[in-house]
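Chemist: Structure in structure tokens, see below.
What follows is calculated from the coordinates using simple rules that are stated; it is not laboratory data. Nothing here was measured: the structure is a model prediction, and the numbers come from that model. Cβ atoms come from the backbone with ideal geometry, glycine included; neighbour counts cover every protein chain shown.
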Amino acid sequence: MLNLNASKIKPFIGSRNFEESRDFYVALGWQLNWEEEDLAELELGGCYFYLQRYYEKKWCENSMLHITVEDADAWYQHVKAILEERSYGAARVKPPKKENYGAIVTYIWDPVGVLLHCAQPLDD
């Protein structure tokens, strides 16, 4: 019998200015596990992704990460405060919004437009 179990998924996302994007995610609270010249692994609460020194505008602006969080409003307040302290390229945040699929979502765009959906599931 084939063993097709999987244990993690680590998407790759791009950056125009690698150092700025790395610093943005670290400021948000992601842990930098390791870094090489063109690649870094970041982690938050057992969730991982690879940040790479590669930029393709259409690809970056169409990349999205859905992150389940306990408090979407706390994420909004946290990111808003970070962006008031320092500019990170085109990074921005929108206030939490209740979505039809059963979550309150804070939308965060990183310095190149990668969209983070910080989604707090609603209890029915």
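Chemist: Express as a percent, rounded to the nearest 5, the fraction of DSSP beta bridges in the range 12-121 (both residues included) that run antiparallel.
Modeler: Within the range 12-121, antiparallel bridges account for around 75 percent of the total.
Chemist: Compute for the chain: radius of gyration divided by Kirkwood radius, i.e. Rg/Rh, restricted to C-alpha atoms, rounded to two decimals.
Modeler: 0.99
Chemist: From the phi angles alone, apply the Karplus equation (6.51, -1.76, 1.60; θ = phi - 60°) to the range 85-102 and give each ³J(HN,Hα) in whole Hz, x where the residue is Gly or Pro.
Modeler: 6, 8, 8, 10, x, 8, 4, 7, 9, 10, x, x, 9, 6, 9, 4, 7, x
Chemist: By a straight-distance test (C-alpha under 19 Å), which aspartates and glutamates pair with residue 97 as possible cross-link partners, with residues fewer than eight away in the same chain excluded?
Modeler: In chain and number order, the partners are 70, 71, 73, 110, 123, 124.
Chemist: Taking the Cβ of each residue in 118, 60, 47 as the centre, tally the other Cβ atoms inside 10 Å and list the residues starting with the fewest.
Modeler: Least to most surrounded, the residues fall as 47, 60, 118.
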